[in-house]
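Participant: Let me give you the structure first, and then I'll get to my questions.
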Amino acid sequence: MSDHRPVLVIHGGAGTIAQNQDDPGEARYHAALADILAAGAACLADGGSALDAVSVAVDLLEECPLFNAGHGAVFTSAETHELDAALMDGATLRAGAVAGVARVRRPGRAARAVMEAGEHVLMAGAGAEAFARQHGLEMVEPDFFSTEARRDQLRRARAAGQVALDHDAASGPLDETRKFGTVGAVALDRDGHLAALTSTGGMTNKRPGRIGDSPLIGAGTYADDRTAAISCTGTGEAFIRVAAAHDVCARMAYGGQDLAAAARAVVEDALPAVGGRGGLIAVDARGRVAMPFNTEGMYRGVVRPGEAPTTAIFGESRRVPAPAR
Ligand code: ASP
């Protein structure tokens, strides 16, 4: 059964347009997204699974200094780092996730190791780090993730009394103080299987111990071959409250909505109803793609093997969230 046309979709966070619209950084973001898509497409073209393709893409997104996951992760209010990641296999509904890790270089790989071990789904803190070490993953000192730009961001967030802000290490087209920096990937492989992977440093100035939506299966990450694979980015608390990623799949499964309608309903209705800002990327079992967001922009891109990648930052659905209830 190798008749599906593979596709890979990635995101590098959502946010607000920078005040300096002439920022030359935009081209660098497009180039970085395109390179990462090309690597993932090569994996799919070689017969790689959806799980492998999202792993390749998130590995590169985590290591890319333009995106806030891995090196360049944001600071908590205690000037520490706490990284989260989750992976889900749509074929089997197996999943793995880590939360609040500070010493694992590539949290996306740790999530995969948790899934492959099969005993647990979500591991946190020191136990998750010990697990990663036991499974031979590369460990680093916590300051590996620190950058001066992130420290400046923490100072600004503290001065403004803000908790839910994120920024990127380098200047870019999305406002550094109002961009959500999670990275993620979803894919369909030629056997018709789906996978989703999300990795994040969380939010600047978050309290130590705070866990967002990214590592929570059903909130920030979900995949089910019968419906779709989803990876979210935005104000994590709202995504948790509406079980955003699973809600897309549920609307398709129970409500008969197609992917575009289901994804739009979550991003334009369900999330704004609880003050949620951000977006998601999604691919369904037929290879259709949706990438809605309710912020000014979202770094994103799509590739199908044999075709040039397409990347975007702005455009698409822009809608101001309704007041929180
Ligand atoms: N959703 C992430 C969180 O709440 C943040 C992000 O998307 O940048 O931790």
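The values are calculated or read from the model by the stated rules, or taken from the named source; none is laboratory data. Just so we're clear, the structure is a prediction, and the values are computed from it rather than from any experiment. Counting neighbours? That spans all protein chains shown, and the Cβs are built from the backbone with ideal geometry, glycine included. Please note that ligands, DNA and RNA were not included when accessible areas were found on the heavy atoms of the full protein model with its side chains. Shrake-Rupley method; radii C 1.70, N 1.55, O 1.52, S 1.80 Å.
Participant: Is any residue of the stretch 191-215 close enough, with backbone N under 11 Å, to a label point placed 7 angstrom from the Cα of Arg158 along the Cα-Cβ axis, and if so, which?
Facilitator: Inside the label zone: 205.
Participant: Please report, as a whole percent, how much of the solvent-accessible surface of the chain comes from carbon and sulfur atoms (probe radius 1.4 Å). Display every interim value, and only then the final one.
Facilitator: Numbers: 6140 of 12110 Å².
Solvent-exposed carbon and sulfur of the chain make up 51 percent of the total.
Participant: Stretched out fully, how many nm does the piece from Arg5 to Thr92 gain, at 0.36 nm a residue minus the Cα gap?
Facilitator: Numbers: separation 87, 0.36 × 87 = 31.32 nm, distance 2.01 nm.
Answer, rounded to one decimal: 29.3 nm.
Participant: Along the Cα→Cβ direction, 7 angstrom out, place labels at Arg151 and Tyr254. What is the inter-label distance in nm?
Facilitator: Computed distance between label sites Arg151 and Tyr254 equals 4.9 nm.
Participant: Mind ranking 141-154, 48-61, 277-290 by how tightly packed they are, going by the mean number of other C-beta atoms within 10 angstrom, highest first? The partial results should precede the final answer.
Facilitator: Values: 141-154: 16.0, 48-61: 25.8, 277-290: 24.1.
Highest mean packing first, the order is 48-61, 277-290, 141-154.
Participant: Got a sec? Charge dipole of the chain, +1 on Cβ for Lys and Arg, -1 for Asp and Glu; which of Leu44, Ala262, His11 is way out at the positive end?
Facilitator: Ala262
Participant: What is the dipole size for the chain, taken about its Cα centre, with +1 at each Lys and Arg Cβ and -1 at each Asp and Glu Cβ, in debye to the nearest 20? Could you put the intermediate results ahead of the total?
Facilitator: On the way: 32 positive and 40 negative charges, 154 e Å.
Dipole about the Cα centre, nearest 20: 740 debye.
Participant: Here is a follow-up. With r defined as the distance between the Cβ atoms of Glu141 and Arg207 and R0 fixed at 25 Å, what FRET efficiency is calculated, to the nearest 0.05?
Facilitator: Values: r = 22 Å, r/R0 = 0.90.
Between Glu141 and Arg207 the formula returns 0.65.
Participant: Just name one of Ala111, Gly276, Gly218: the one whose Cα is farthest towards the positive end of the charge dipole of the chain (beta-carbon charges, Lys/Arg +1, Asp/Glu -1).
Facilitator: Looking along the dipole axis, the top candidate is Gly276.
Participant: Going by amide H atoms built from the backbone, whose H comes under 5 Å of the H on Tyr222, apart from near neighbours?
Facilitator: Hits under the 5 Å cutoff: Ile230.
Participant: In debye, nearest 20: dipole of the stretch 15-162 around its Cα centre with unit charges on the Cβ of K, R (+) and D, E (-)?
Facilitator: Working: 13 positive and 21 negative charges, 74 e Å.
That gives the stretch 15-162 a dipole magnitude of about 360 debye.
Participant: Given 25 °C and 0.890 mPa s, compute D for the stretch 171-254 with the Stokes-Einstein relation, Rh being the Kirkwood radius over Cα pairs; round to the nearest whole µm²/s. Spell out each step's value before the answer.
Facilitator: On the way: Rh = 13.6 Å.
Estimated diffusion coefficient is 181 µm²/s.
Participant: Another question, if that's okay. Convex hull volume of the Cα atoms in the stretch 1-157, per residue, in Å³? Please report the intermediate quantities before stating the final value.
Facilitator: Values: hull volume 21.0 nm³, N = 157.
Hull volume over Cα atoms, normalised by residue count, gives 134 Å³.
Participant: Can you find, among Cys232, Ala244, Gly209, the residue farthest towards the positive end of the dipole of the stretch 186-249? Put +1 on the C-beta of Lys and Arg, -1 on that of Asp and Glu.
Facilitator: Gly209
Participant: For Thr16 and Asp269, FRET efficiency with R0 = 22 Å and r from the beta-carbon atoms, rounded to 0.05?
Facilitator: Working: r = 21 Å, r/R0 = 0.94.
With a Förster radius of 22 Å, E is 0.60.
Participant: In whole percent, what relative contact order does the chain give with Cα contacts below 8 Å and a gap of six or more residues? It would help to have the intermediate numbers written out before the result.
Facilitator: Details: 957 pairs, mean separation 80.9, N = 325.
Worked out over the chain, it gives 25 percent.
Participant: Which of Gly15, Gly96, Gly161 moves the most in a Gaussian network model of the chain with Cα springs under 10 Å?
Facilitator: Comparing Gly15, Gly96, Gly161 in the GNM, the peak value goes to Gly161.
Participant: Using only the alpha carbons, work out the radius of gyration and Dmax of the stretch 212-303 in angstrom.
Facilitator: 11.5, 33
Participant: What residue among His11, His120, His193 has the largest mean-square fluctuation in a Gaussian network model of the chain, using Cα springs under 10 Å?
Facilitator: Of the options given, His120 has the highest mean-square fluctuation.
Participant: Separate question: Pick out which of Tyr299, Tyr29, Tyr254 has the largest mean-square fluctuation in a Gaussian network model of the chain, springs linking Cα atoms closer than 10 Å.
Facilitator: Taking springs between Cα atoms under 10 Å, the residue moving most is Tyr254.
Participant: Restricting to Cα atoms and excluding each atom paired with itself, what does the Kirkwood estimate give for the chain in Å?
Facilitator: Working: mean 1/r = 0.0533 Å⁻¹.
It works out to 18.7 Å.
Participant: Over 17 Å, how big is the tail of the calculated P(r) for the stretch 104-167, in percent of all Cα pairs?
Facilitator: Working: 1066 of 2016 pairs.
Percentage above 17 Å: 53.
Participant: Take every Cα pair under 8 Å in the stretch 43-88 that's 6+ residues apart, average their separations, divide by the length, and report that relative contact order as a whole percent.
Facilitator: Details: 27 pairs, mean separation 8.0, N = 46.
After rounding, I find 17 percent.
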